[in-house]
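Quick note: the coordinates plus some simple rules give every number you see, no bench work behind them. As the structure is a computational prediction, the values presented were derived from the model and not from experiment. Heads up, the Cβs are rebuilt from the backbone with ideal geometry, glycines too, and the neighbour counts pull from every protein chain shown.
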Amino acid sequence: MEKTLVQNIGLLCTPQGSSVHAGEMQGQMEKIPEACVLMEDGIITYAGSQADFPMEKAQGAQVIDAGGNLVTPGLIDAHTHLVFGGWRQHEIPLKLAGTGYLDILRMGGGILSTVRHTREASEEELLRRSEGFLNEMLSMGVTSCEIKSGYGLDLENELKQLRVIKKLQETHPMDIDATFLGAHAVPEEYKEDPDGYVDLLTEKILPAVAEEKLARCCDVFCETGAFDVPQSRKVLMAGKALGLVPRIHADEIDAIGGAELSAEVGALSAEHLIASNEEGMQAMAKGGVIADLLPATSFYLDKTFAPARRMVELGIPVVIASDFNPGSCPSLNLPFAMNLGLLRYKLKPEEVLCAVTLNAACSVGMGDKVGTVEAGKQGDLVIWDAPDLDMILYRFGSNLCRTVIKKGRVAHEKG
């Protein structure tokens with residue numbers, strides 16, 4: 001049996017349980033000073049006071065000294081688009097001139113620019129590039145993530161992206177959740193026939209994705225200039241009929257009914273929600289929909305920030321994710337998104353930590369195995385160069401991740 005003991009933990013800070021925390025519960029955190037954690041064959045068997053730990057149970061274990069620092073669960077990034085070709089730095093002059101996101105898309109840029117580069121890239125090229133992104137995320141304390149397709153927009157290239165994600169699931173240390181986002185934009189070849197593209201998605205591409213078991217979830221960009229509510233409903237219900245869990249990009253730019261649709265179709269999550277109104281949030285609260293919020297996107301696009309504080313008040317479980325993509329958020333720094341959760345969403349430090357651990361784990365279908373540090377869960381931990389939770393949210397722009405432990409083994413250590 002392989003054992004790892006993390007001892008001399010100054011403060012162990014973790015949510016508890018395997019289901020989402022909402023409302024006041026989102027801010028509830030187990031805080032254990034002078035703690036230790038024992039993992040056996042990658043599973044936590046003890047997490048508590050070091051004074052109460054029977055040291056004979058650690059016989060033969062690899063011992064890691066936390067140095068009196070803070071330990072939390074490994075972070076979980078519940079919304080990324082990290083399998084793509086090319087970059088979009090050439091759009092910066094357009095953004096500085098005030099050209100809007102949808103205007104750039106209508107000009108053939110934005111998502112459509114990335115689609116062209118992704119179609120040109122080989123599966124091997126996309127795999128190597130994506131591995132680099134995952135390694136960088138790991139160095140910042142991220143131990144699990146979600147990855148969406150959506151830069152192929154045809155059968156061949158959507159399957160290519162999803163096969164890359166499947167390969168990453170098989171070869172990378174991270175736990176990865178795959179989402180099909182073929183309804184990310186209308187491709188250029190269907191510019192005059194968006195309903196025809198929806199038919200292609202529902203009648204050909206989605207069945208192929210389900211047959212190869214390449215994704216757990218089906219997502220759609222329900223937004224002005226992308227897919228309207230009827231089109232989005234058709235895609236999500238087709239995916240649901242094939243066993244894919246609905247997710248939805250909603251209310252990023254306009255509140256056109258995406259939040260309400262998320263409740264109607266029983267979506268696991270609604271994502272972005274920058275422009276959400278009271279009616280949409282009330283529907284999500286009643287429908288038990290998780291809010292996956294992406295503050296770094298608001299920061300980069302210079303937009304308003306999602307009404308996270310109101311969502312907590314309404315009892316909507318809140319998640320914070322990076323939205324890493326080459327256009328609207330070319331950053332995979334989840335700790336920076338956490339900083340924004342404190343500074344711009346006005347969430348408490350404990351609410352922010354829950355948003356990137358337990359609630360995020362539930363958003364990616366892993367709440368039963370990751371997201372907390374407690375007996376029975378997978379041994380995914382972060383040792384921080386910080387004495388407490390306040391410090392890692394206070395020090396924005398710095399990587400305070402010292403050691404990352406994945407499945408009971410050291411996966412990254414700061415040099």
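For the chain, the longest principal axis of the C-alpha atoms and the axis of helix 123-138 are separated by about 40°.
Across the stretch 146-155, rounded Karplus estimates of 3J(HN,Hα) from the backbone phi angles (6.51 cos²θ - 1.76 cosθ + 1.60, θ = phi - 60°) give 9, 10, 9, 7, x, 10, x, 6, 8, 4 Hz, Gly and Pro being marked x. From the alpha carbon centroid of the stretch 315-381 to that of the stretch 229-264 is 22 Å.
For the pair residue 28/residue 192, report the inter-label distance in nm, with labels modelled 7 Å from Cα in the Cβ direction. Going from the residue 28 label point to the residue 192 one covers 6.0 nm.
Annotation: Cα Rg of the chain relative to the compact-globule expectation 2.2 N^0.38 Å equals 0.96. FRET efficiency for the pair residue 240 and residue 170, taken as 1/(1 + (r/R0)^6) with r the Cβ-Cβ distance and R0 = 30 Å, rounds to 0.70. Remark: the residue 65-residue 302 segment gains 81.1 nm on full extension, using 0.36 nm per residue and subtracting the alpha carbon distance.
For residue 344 and residue 89, a Förster radius of 22 Å and the Cβ-Cβ distance give a FRET efficiency of 0.35, rounded to the nearest 0.05. Taking the DSSP bridge list for the chain and keeping only pairs wholly inside it, about 45 percent are antiparallel. Working from label points 7 Å from Cα in the Cα-to-Cβ sense, the residue 313 to residue 409 distance is 4.8 nm.
Compare the Cα positions of 113, 330, 194 along the charge dipole of the chain (+1 at Cβ of Lys, Arg; -1 at Cβ of Asp, Glu; about the Cα centre) and return the one farthest towards the positive end. Going by the Cα projections, it comes out as 330.
Charges were assigned to the Cβ only: +1 to each Lys and Arg, -1 to each Asp and Glu. The resulting dipole of the chain about its Cα centre is roughly 540 debye.
For the cross-link pairs 204/406; 95/213; 3/31; 148/191, the ones whose C-alpha atoms lie over 27 Å apart are 204/406; 95/213.
For the pair residue 19 and residue 279, the difference between a 0.36 nm per residue extended length and the Cα-Cα distance amounts to 91.1 nm. Measuring between their Cα centroids, the stretch 200-220 and the stretch 30-48 lie 40 Å from each other. Taking the longest Cα principal axis of the chain as reference, the axis of helix 229-241 is set at about 60 degrees.
Projecting label points 7 angstrom from Cα along Cα→Cβ for residue 129 and residue 41 puts them 4.0 nm apart.
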